[in-house]
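The values are calculated or read from the model by the stated rules, or taken from the named source; none is laboratory data. On a predicted model such as this, the values are computed, not experimentally measured, just so you know. All Cβ positions, even for glycine, are placed from backbone atoms using ideal geometry, and neighbour counts span all protein chains on display.
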């Protein structure tokens, strides 16, 4: 049977930013209770008082797994190098039977210079290529027989080195997304390997994004 407390918990769990603000005591309990009165009344199918909701909010205790929290803090403190690469372009191609051959053509161009930034990500229906903008001509030549749906220039990539134990830590990526969202930074794309995490943002916000990510180490 649902209660006001279980309804409050359901709402907060579904809105992690709201839950985070609540646990940091930066929300007005009275105002939040009034805002939740209508949705909780609908959930319970009867009118509820904001005072009862406010009491449930004050009693709410978010689920915490202390061992994981300690591990998470340790991983954040031991993040590896944070590298910024600018002047990048992102291409989106429709998947086709010839796309891999176009990819191989580009790899032949790149093999002479290991310092060129290049990623190829294949999805179910489309694939993305991220590369230095100086190589636009080579990309367009290698993929000339493919259908390009989107091209975006003036992008920057921030790559974070992750400790080896990162795959065992729950909530690690959420910390990055939460911090960037609090700063109002939208991500153009995300690329990751086992021990590296790369976010792609527009050039104009790269400094703010870098500061936000670096702040997680402190």
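Listed by first and then second residue, the pairs linking a residue in the range 48-69 that is assigned by TED's automatic domain parsing to the domain that holds residue 28 and closer than 19 Å to residue 15 by Cα to a residue that is at pLDDT 90 or above and in a loop (DSSP other than H, G, I, E, B), with Cβ atoms under 9 Å apart and 6 or more places separating them unless they lie on different chains, are 56/3. Scanning the range 18-55 for residues that are loosely packed, with under 15 Cβ neighbours inside 10 Å and either more than 31 Å from the chain's Cα centre (by Cα) or more than 28 Å from residue 177 (Cα to Cα) (or both) yields 30, 34, 38, 42, 45, 46, 47, 49, 51. Is at least one residue of the range 74-87 more than 25 Å from the chain's Cα centre (by Cα) and at pLDDT 90 or above? Within the range 74-87 (the criterion being more than 25 Å from the chain's Cα centre (by Cα) and at pLDDT 90 or above), the answer is no, since none of the residues qualifies.
Residue check: is residue 191 under 15 Å from the mean Cα position of the chain (by Cα) and closer than 27 Å to residue 101 by Cβ? Answer is yes for this residue.
Among the residues making up the range 176-218, those that are touching a helix residue (DSSP H, G or I) at 6+ places or on another chain (Cβ under 9 Å) and assigned to a loop (DSSP other than H, G, I, E, B) are 183, 184, 185, 186, 187, 194, 195, 216, 217, 218.
Within the range 120-162, the residues that satisfy the criterion of being within 18 Å of the chain's Cα centre (by Cα) and closer than 25 Å to residue 210 by Cβ are 121, 128, 130, 155, 156, 157, 158, 159, 160, 161, 162.
Residues in the range 179-191 that are modelled with pLDDT under 90 and crowded, with 16+ Cβ neighbours inside 10 Å: 179 only. Under the condition of being more than 15 Å from residue 56 (Cα to Cα) and part of a helix (DSSP H, G or I), the residues counted in the range 18-37 number 2.
Taking every residue in the range 134-156 that is at positive phi and pairing it with any residue that is surrounded by 12 or more Cβ atoms within 10 Å (Cβ to Cβ), at least 6 positions away or on another chain, the pairs with Cβ-Cβ distances below 7 Å are 154/202; 154/203.
Among residues of the range 1-17 being in a helix (DSSP H, G or I) and without any contact (Cβ under 8 Å) to a residue 12 or more places away in the chain, the one that is surrounded by the fewest Cβ atoms within 10 Å (Cβ to Cβ) is 14. Annotation for the range 151-163: no member residue is at pLDDT below 90 and assigned to a helix (DSSP H, G or I).
Suppose the filter is out of contact with any strand residue (DSSP E or B) (no Cβ under 9 Å at 6 or more places or on another chain) and either surrounded by 15 or more Cβ atoms within 10 Å (Cβ to Cβ) or closer than 30 Å to residue 104 by Cβ (or both); does residue 170 pass it? No. Candidates are the residues of the range 93-114 that are farther than 11 Å from residue 138 by Cβ and crowded, with 16+ Cβ neighbours inside 10 Å; the one that is nearest to the chain's Cα centre (by Cα) is 93.
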